[in-house]
1. At q = 0.10, 0.22 Å⁻¹, what is the base-10 log of I(q)/I(0) for the stretch 1-86 according to the Debye formula with one equal point scatterer per Cα and no solvent? Please give it to two decimals.
2. For a bin width of 5 Å, list the pair-distance distribution of the stretch 1-144 built from all Cα-Cα distances, rounded to whole %.
3. What's the ranking of 44-52, 85-93, 132-140, 14-22 by average number of surrounding C-beta atoms within 10 Å, highest first?
4. Placing one identical point scatterer on every Cα of the stretch 80-119 and ignoring solvent, what is log10 I(q)/I(0) from the Debye formula at q = 0.14, 0.17, 0.19, 0.27 Å⁻¹?
5. Ranked from highest to lowest mean number of other Cβ atoms within 10 Å per residue, what is the order of the peptides 124-131, 100-107, 34-41?
6. Provide Rg over Rh for the stretch 50-134; use the alpha carbon set for both Rg and the Kirkwood Rh (inverse mean inverse pair distance).
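Here, each number is a calculation from the coordinates, and none is a lab measurement. Please read these numbers as outputs of a predicted model, since none were measured by experiment. So basically every Cβ, Gly included, is an ideal-geometry build from the backbone, and we count neighbours across all protein chains shown.
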């Protein structure tokens with residue numbers, strides 16, 4: 001800049017530091033309270049959206065933009081066409097998620113006709129007494145469950161060569177539906 005004589009002296013600027021946020025993982029009790037609170041919500045879609053996020057790891061906007069044609073009930077796949085990085089992604093859909101989505105009534109081409117659920121989400125989150133929990137943390141919770149199941153599977157000799165997530169989806173669905181109390185813990189902080 002000095003070379004072009006725009007300013008006589010380059011000012012010293014402090015670097016802007018954004019503190020890293022703690023990754024929050026739901027424990028069994030919190031997950032149960034959150035799902036019950038979402039089910040009791042005035043929004044008919046909130047429970048299905050939160051459950052889908054918890055069992056597929058989908059982002060908020062990816063799930064809200066789903067169309068009925070993006071959900072393949074026969075093959076058990078959900079295809080996210082509008083992703084954050086622009087790449088199309090298909091993920092396995094556990095049977096329990098399939099059941100939740102099939103129970104929904106069809107009102108047009110979109111799976112979830114609402115454009116936003118923030119107010120309903122915030123109310124349900126507060127009702128479940130989760131003050132420091134964001135919607136995106138459902139994605140972290142899903143990843144934590146998946147990593148936990150992978151580590152448990154890798155200890156068993158019969159599943160040494162399992163490398164895809166498809167084999168873990170039934171176990172993940174069972175874990176979310178009826179989890180053992182000792183399983184769920186935060187991977188980062190090692191707390192229960």
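1. -0.49, -1.16
2. Each 5 Å bin holds this share of Cα pairs: 2, 9, 16, 20, 16, 12, 6, 3, 3, 4, 4, 3, 2, 0.
3. Working: 44-52: 21.8, 85-93: 13.2, 132-140: 17.4, 14-22: 6.3.
Result, highest mean first: 44-52, 132-140, 85-93, 14-22.
4. Taking Cα atoms of the stretch 80-119 as identical point scatterers yields -0.47, -0.69, -0.85, -1.07.
5. On the way: 124-131: 16.4, 100-107: 11.4, 34-41: 18.5.
Ranking, from highest mean packing down: 34-41, 124-131, 100-107.
6. On the way: Rg = 13.4 Å, Rh = 13.8 Å.
Here Rg/Rh amounts to 0.97.
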